[in-house]
1. List, in order, the whole-Hz ³J(HN,Hα) value for each residue of the range 550-565 obtained from phi through the Karplus relation with A = 6.51, B = -1.76, C = 1.60 and θ = phi - 60°; use x for Gly and Pro.
2. Give, as a single signed number, the net charge of other residues whose beta carbon lies under 12 Å from the beta carbon of residue 151, with Lys and Arg counted +1 and Asp and Glu -1.
3. Pick out, in residue order, every one of the trypsin sites (Lys or Arg not before Pro) in the range 1-106 that is DSSP loop and has at most 16 other C-beta atoms within 10 Å; say none if there are none.
4. Lys/Arg Cβ at +1, Asp/Glu Cβ at -1, dipole of the range 435-526 taken about the Cα centre: which of 449, 524, 466 is farthest positive-ward?
5. Could you compute how fast the range 589-716 diffuses translationally, taking Rh as the Kirkwood radius over C-alpha pairs and applying Stokes-Einstein at 25 °C with viscosity 0.890 mPa s? Give it in µm² per second.
6. Report in % the part of the accessible area of the chain that belongs to carbon and sulfur, leaving out ligands and nucleic acids; probe 1.4 Å.
7. What order, most packed first, do the peptides 466-474, 755-763 have when packing is the mean number of other Cβ atoms within 10 Å of each residue?
8. Using alpha carbons only, how many angstrom separate the centre of the range 601-666 from the centre of the range 51-109?
Amino acid sequence: MSETRSDGFSMIGTRMRKIDGVAKSTGRAAFTDDIVLPGMLHGKILRSPHPHARILSIDVSGAEAIEGVHGVVTGADMPAQYGIIPWTPDETALAVDRVRHIGDAVAAVAAVDEDTALAALDAIVVEYELLPVILDPADALAAEGTYEAGDYIHPPRREGYNGNITKKVKLEFGDVEAGLAGSDVEIEAEYYFEGTTHAAIEPHCAIGAFEETGRLTVWSSTQVPHYLHRELARVLDIDPAQVRVIQPPVGGAFGGKSEPFDLEFCVGALARKTGRPVKFLYTREEVFYAHRGRHPFHMKYRTGVTRDGLLTGVDAEIVLDGGAYASFGLVTTYYSGQLLTAPYALPTYRFESVRAYTNKPACGPKRGHGSVQPRFAFEVQLDKLAEAVDLDPIELRRRNFIGSHTRTVNELRVTSNGFLECLEAVEQASDWTRRWRRMPFGRGLGVAGSTYISGTNYPIYPNDMPQSGIQVQIDRSGRVAVFSGGSEIGQGTDSAMAYIAAEEFGVPLGHVRVLRGDTDFTPVDLGAYSSRVTFMLGNACVDACRKLKAKIRRAVSEKWSGDPDSVVFRSGRVFDPEDADRSMSTREAFQVAEARWGTLGATGSYNTPKDVHGSYRGGTIGASPAYSFTAHVAEVEVDPESGVVRVENIWVAHDCGRALNPVLVEGQMEGSAYMGFAEALMEQQAFKDADHGRAGLHNAPSLLDYRIPTSLDTPALTALIIESVDPEGPYGAKEAGEGPLHPSIPAIANAIHDAVGIRVDRLPFSPPNVWRALETARNEGRLAKPCHPDEVRVGAAS
């Protein structure tokens, strides 16, 4: 056990193991698909072969007649609409009257085994009337006609919208046109960010069991048990008190399991219908069609700067390709603009974003939800502006630093801000000053920065209750139990709560048990999304521990006839540092407190401050109690003949407030940078159009064909932790799970420019895309490494 350090902590900030690491590495951890219940049936879902069609009839009699089939359900059995965002409910568990993308769920069966269930799907007869197919968001926005005729994918949501629009947002802060008019240089450019998916190792899986008492239990690989609990009760028309959601360990999610899915409703409906437990496990192809991944973005930016490198104004126009359903799209549309306003001071800013429905699987949140795409475009814009005014791009970013304990142009409150330290860290680690613009042709460095939220300031559905809750119970044996509703999806949530409890009570990590993942006995936590868990659940855990700690202090101080404030918990002992005779083991202290107070337990909760945003419509979206900050430098090698880009190194500096466990923070930083690198060079969630086969069919719905990097492809990743110690976070901690992804992509883009002088403003930076840009530059006689600003100034002076 560590002794007290100069920062006052004994465990927080040290390199510790994950408490579930041994179980996962030895195969003892039981994931949802590992669970087998007595009498369990296996389910399969019939999916649409058409991207857009009206359902005229469904005949399930053939399926019901097959021996071994115990139940069949269709959309008529669960017609209630739902949606993770309560203002945009546009989905049903199974399609009721029309399908909106290939893979849309139409019917579900439960049978004695998967083979029988698949045979039953083949026996279901569905009569479709084909409708017009819309795959391009520009076509969706331009469409005219009626929903009934199929011109619109959904009924118009409001006046002024056609039925292919989820959400429009237009916000302006300051006089943008005046700001741009006052600039010395204005850069206008268009960017395209290809859609990508999550590619988590574990496919979606759910099991339902229905008791005679009317109680439904669902085991699911979800990352939002509370929201799933709410929607199961509503869609299946069950009293919420009769619904229980159990979340086994989750084998990765990255946002792909952050809302309810068809299989979770189907296990409930079929378990109720058959009286037996039912399991559904997606195939990998079904995971690709379930999607909810990164939106394709079409972006246009105008950005102005003075000769001194100070930004004057930013104007953004963004079209989001949302796919067939709203998902988190309302929030995504706001995030596409609201989260761009730090770490740089923007004197004036305007964005206009619109999310369009298309006949493709629905897009949703992927790591860095809604802000990775515009961050790519904007950080490349900054690189172009720096070059235009002969400035080092790191220096331009320094000159526009927004500062700490301030407000952004769109009125978001910023507390701690370690962005300058992040820039300095990557500048030194990469040897930037000596090597940028001075490496041989074909090799280059690029820089980018970013910010991200530490949780959303408001819950998904409006309420005044806490966002996170924890219950702590202490046993006379010296054991501490933490009852947590937090979602462990591999990121270390359970471990973080154990670290906090061990720090507060001074007990060994092995004496802490984290009991989690069951809505029947854990307090509510809203889920693992928006980088909220360490910050919000951590604050709730500190709150609960300190309430209980106060009772123990009082009981011990009464025994010693001393002052409660003098009682210290450290290294398995409780003592008074001013009196060596006053000391006992934590076990003894727990027993003294139990004798004084009775059974020892306490609850803790956390809710967000409400003064962190503006009062305008939409001002709450993007608001957070704290923001993390990141800077990357990427080093690349570009083959000018083939267009192959090899990323050699990425240096990642991330301001996480305080690293509760540096090992976990470094893992999140490296994993984030890896995912950004993968999206930059390889990933494409692309679909065939009418000219290339079956419109709306996925190009590569398998991990064999969908390209993601292996360990051999991955660059050297250097994690540089920056600690700004935020006043709002638990022990000063902020997020580290999503923010470190953002700068990877623009840093690589800017490094490609440093290497060979071309701009690649369209993702991915695949050999064909890069080769075309190289050929264009070669044919125009401008294929050359750009000059260093010092060389430009010398040349101008001479």
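The values are calculated or read from the model by the stated rules, or taken from the named source; none is laboratory data. Worth saying up front: this structure is predicted, and the values here are computed from it rather than measured. So basically every Cβ, Gly included, is an ideal-geometry build from the backbone, and we count neighbours across all protein chains shown. For accessibility, only protein heavy atoms count, side chains too; no ligands or nucleic acids. Shrake-Rupley method; radii C 1.70, N 1.55, O 1.52, S 1.80 Å.
1. Taking θ as phi minus 60°, the curve returns 5, 5, 5, 4, 5, 5, 5, 5, 5, 5, 8, 6, x, 9, x, 5 Hz for the range 550-565.
2. Charge balance near residue 151 sits at -3.
3. 5, 15, 17, 28
4. 449
5. Calculated translational D: 120 µm²/s.
6. Solvent-exposed carbon and sulfur of the chain make up 50 percent of the total.
7. 466-474, 755-763
8. A separation of 39 Å, based on Cα centres.
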